[in-house]
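Asker: Pasting a structure below so you can have a look.
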Amino acid sequence: WRNLADATGEFERLITQAGIHHNSNPVLSWQAQNVAVKRDLDGLIRPVKPGRDDARKVDGIVASIMALALALRGDDVYRSVYEDRGFVPFD
(Lines give C-alpha, C1' and ligand atoms only; values in the text may rest on other atoms or scores of the structure.)
Protein backbone atom coordinates (compact mmCIF):
# COMPACT_ATOMS: atom_id res chain seq x y z
CA TRP A 1 0.00 0.00 0.00
CA ARG A 2 2.60 2.55 1.05
CA ASN A 3 4.69 2.01 -2.08
CA LEU A 4 1.77 2.73 -4.39
CA ALA A 5 -0.29 5.27 -2.44
CA ASP A 6 1.64 8.43 -3.29
CA ALA A 7 2.18 7.40 -6.89
CA THR A 8 -1.49 6.45 -7.33
CA GLY A 9 -2.55 9.86 -6.05
CA GLU A 10 -0.03 11.60 -8.30
CA PHE A 11 -1.08 9.51 -11.30
CA GLU A 12 -4.73 10.39 -10.65
CA ARG A 13 -3.81 14.07 -10.41
CA LEU A 14 -1.85 13.90 -13.67
CA ILE A 15 -4.73 12.14 -15.43
CA THR A 16 -7.28 14.73 -14.34
CA GLN A 17 -4.99 17.59 -15.37
CA ALA A 18 -4.07 16.01 -18.73
CA GLY A 19 -0.49 15.57 -17.56
CA ILE A 20 -0.21 12.00 -18.87
CA HIS A 21 0.32 11.58 -22.60
CA HIS A 22 0.16 8.13 -24.14
CA ASN A 23 -0.34 8.97 -27.83
CA SER A 24 -3.97 7.79 -27.67
CA ASN A 25 -2.92 4.20 -27.04
CA PRO A 26 -6.22 2.28 -27.20
CA VAL A 27 -5.13 -0.38 -24.69
CA LEU A 28 -4.10 2.15 -22.02
CA SER A 29 -7.28 4.15 -22.65
CA TRP A 30 -9.36 0.99 -22.18
CA GLN A 31 -7.45 0.00 -19.04
CA ALA A 32 -7.81 3.50 -17.59
CA GLN A 33 -11.57 3.09 -17.90
CA ASN A 34 -11.36 -0.26 -16.08
CA VAL A 35 -9.18 0.66 -13.11
CA ALA A 36 -10.69 1.39 -9.71
CA VAL A 37 -9.08 2.77 -6.58
CA LYS A 38 -9.23 1.03 -3.21
CA ARG A 39 -8.69 2.94 0.03
CA ASP A 40 -7.48 1.30 3.25
CA LEU A 41 -8.31 2.33 6.82
CA ASP A 42 -5.39 4.78 6.88
CA GLY A 43 -6.62 6.52 3.73
CA LEU A 44 -3.90 5.07 1.51
CA ILE A 45 -5.01 4.28 -2.03
CA ARG A 46 -3.93 1.78 -4.67
CA PRO A 47 -5.21 0.72 -8.10
CA VAL A 48 -7.35 -2.42 -8.36
CA LYS A 49 -9.43 -4.29 -10.92
CA PRO A 50 -13.17 -3.54 -10.79
CA GLY A 51 -13.93 -7.02 -9.42
CA ARG A 52 -12.11 -10.20 -8.55
CA ASP A 53 -13.62 -12.27 -11.39
CA ASP A 54 -13.81 -9.35 -13.82
CA ALA A 55 -12.09 -10.07 -17.15
CA ARG A 56 -11.18 -6.44 -17.76
CA LYS A 57 -7.47 -5.67 -17.43
CA VAL A 58 -5.62 -2.85 -15.64
CA ASP A 59 -2.02 -4.12 -15.88
CA GLY A 60 -0.71 -1.26 -18.04
CA ILE A 61 -2.07 1.33 -15.62
CA VAL A 62 -0.62 -0.49 -12.61
CA ALA A 63 2.76 -0.76 -14.37
CA SER A 64 2.62 2.97 -15.13
CA ILE A 65 1.91 3.76 -11.49
CA MET A 66 4.76 1.49 -10.36
CA ALA A 67 7.13 3.29 -12.75
CA LEU A 68 5.91 6.64 -11.45
CA ALA A 69 6.55 5.45 -7.88
CA LEU A 70 10.17 4.70 -8.76
CA ALA A 71 10.56 8.02 -10.55
CA LEU A 72 9.14 9.90 -7.56
CA ARG A 73 11.71 8.27 -5.28
CA GLY A 74 14.47 9.87 -7.30
CA ASP A 75 17.24 7.60 -6.09
CA ASP A 76 19.51 5.06 -7.76
CA VAL A 77 18.34 2.05 -5.78
CA TYR A 78 17.09 0.38 -8.95
CA ARG A 79 19.94 0.97 -11.38
CA SER A 80 19.76 -0.81 -14.70
CA VAL A 81 22.43 -3.38 -15.45
CA TYR A 82 22.97 -1.52 -18.72
CA GLU A 83 24.15 1.57 -16.83
CA ASP A 84 27.17 -0.35 -15.53
CA ARG A 85 28.07 -2.85 -18.23
CA GLY A 86 26.29 -1.61 -21.33
CA PHE A 87 24.47 -3.67 -23.92
CA VAL A 88 25.81 -7.15 -24.62
CA PRO A 89 24.63 -8.48 -27.99
CA PHE A 90 23.72 -12.13 -28.51
CA ASP A 91 25.98 -14.04 -30.88
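The values are calculated or read from the model by the stated rules, or taken from the named source; none is laboratory data. Quantities reported herein were computed from a predicted structural model and do not represent experimental measurements. Glycine also receives a Cβ, built like all others from the backbone with ideal geometry; neighbour counts cover every protein chain displayed. Accessible surface is based on the protein model in full, side chains and every heavy atom, while ligands, DNA and RNA are left aside. Shrake-Rupley method; radii C 1.70, N 1.55, O 1.52, S 1.80 Å.
Asker: Ile15: among the β-branched types (Val, Ile, Thr) and open to solvent by 40 Å² or more (accessible area, probe 1.4 Å), yes or no?
Answerer: Judged against the criteria, Ile15 is a match.
Asker: Assess whether Pro89 counts as being touching a helix residue (DSSP H, G or I) at 6+ places or on another chain (Cβ under 7 Å) and in a loop (DSSP other than H, G, I, E, B).
Answerer: no
Asker: Hey, another quick one. Could you list all residues from region 5-18 that are in a loop (DSSP other than H, G, I, E, B) and polar (S, T, N, Q)?
Answerer: If the condition is that a residue be in a loop (DSSP other than H, G, I, E, B) and polar (S, T, N, Q), then Gln17 is the only one that fits.
Asker: So, one more: Can Ala63 be described as open to solvent by 40 Å² or more (accessible area, probe 1.4 Å), within 27 Å of Ser80 (Cα to Cα) and either in a strand (DSSP E or B) or not charged (D, E, K, R) (or both)?
Answerer: Against the criterion (open to solvent by 40 Å² or more (accessible area, probe 1.4 Å), within 27 Å of Ser80 (Cα to Cα) and either in a strand (DSSP E or B) or not charged (D, E, K, R) (or both)), Ala63 qualifies.
Asker: Filter region 33-59 down to residues that are outside any loop (DSSP other than H, G, I, E, B) and either open to solvent by 50 Å² or more (accessible area, probe 1.4 Å) or among the charged types (D, E, K, R) (or both), then give me how many there are.
Answerer: Adding up the residues that qualify gives 6.
Asker: Out of the residues in region 1-35 that are touching a Lys or Arg at 6+ places or on another chain (Cβ under 7 Å) and modelled with pLDDT of 90 or more, which is farthest from Leu68 (Cα to Cα)?
Answerer: If we take residues in region 1-35 being touching a Lys or Arg at 6+ places or on another chain (Cβ under 7 Å) and modelled with pLDDT of 90 or more, then Asn34 is farthest from Leu68 (Cα to Cα).
Asker: Please give the number of the condition His21 fails out of (1) surrounded by fewer than 10 Cβ atoms within 10 Å (Cβ to Cβ); (2) within 14 Å of the chain's Cα centre (by Cα); (3) outside any loop (DSSP other than H, G, I, E, B).
Answerer: Failing condition for His21: (3).
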